[in-house]
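The values are calculated or read from the model by the stated rules, or taken from the named source; none is laboratory data. Not measured: the values here are computed from a predicted model. For neighbour counting, all protein chains shown are included, and Cβ atoms are generated from backbone atoms with ideal geometry for every residue, glycine included. Heads up: the accessible areas ignore ligands, DNA and RNA and are worked out on the full protein's heavy atoms, side chains in. Shrake-Rupley method; radii C 1.70, N 1.55, O 1.52, S 1.80 Å.
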Amino acid sequence: MCIVLTVSVSFEFTASSTISKSMNREFGTALAGAFDLGAKYLAELSGKEGPDPIILEILIFTIGSLGTFTRFYPHIKKKYDYETVIFVLTFSLVVVSSYRTEDILQLAKQRITTILIGVSTIMVISMVILPVWAGEDLVKLVSVNLEKLAGLGGRRPC
């Protein structure tokens, strides 16, 4: 599931945006994994035989709400919108999954491995098989715009 999700969500038209989105996905997943370990530890402190489901529910609601509402800040939305979405998704998924499993480190290692396989797949596709680099299009766009500005003859556009 994680490989297909990574490929479908992180794949972009240009290679540079694919690399950027893949790195953002890894960062959001790693941050959520760290929070998941803390949530599991906190829930196990209060439970007698295993993690307390009430604590896990409160943490999912609190951290999910904070992650969602921080996306409304313009600075966060501009730079970290995708990472925030991935953080909330991964945190919720792993906390719910960790309630049923004892070895959360194995679950985290498995999730990171599947994401790395997905990222490797899209990197190979976008950089080796079908590379589209934005630099060439950007140079053409800037040159066309400069020619348009030069054709104005000092007049200001309306």
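Close contacts from segment 23-48, counting a first residue that is under 18 Å from Ile112 (Cα atoms) and a second that is in a helix (DSSP H, G or I) and among the basic types (Lys, Arg), with Cβ to Cβ under 8 Å and a gap of 6+ residues or different chains, come to Thr29/Arg111; Gly33/Arg111. Close Cβ contacts (under 9 Å, 6 or more residues apart or on different chains) running from residues in segment 82-99 that are under 12 Å from Arg71 (Cβ atoms) and at pLDDT 85 or above to residues that are open to solvent by less than 20 Å² (accessible area, probe 1.4 Å) and not in a helix (DSSP H, G or I) are absent. Of all residues in segment 32-41, those satisfying the criterion of being surrounded by fewer than 17 Cβ atoms within 10 Å (Cβ to Cβ) and at pLDDT 85 or above are Ala34, Gly38. Determine the pairs where a residue that is under 18 Å from Ile86 (Cα atoms), located within segment 111-126, has a partner that is charged (D, E, K, R) and modelled with pLDDT under 80 with Cβ atoms under 9 Å apart, the partner being 6 or more residues away or on another chain. From segment 111-126, the pairs are Ile122/Glu12.
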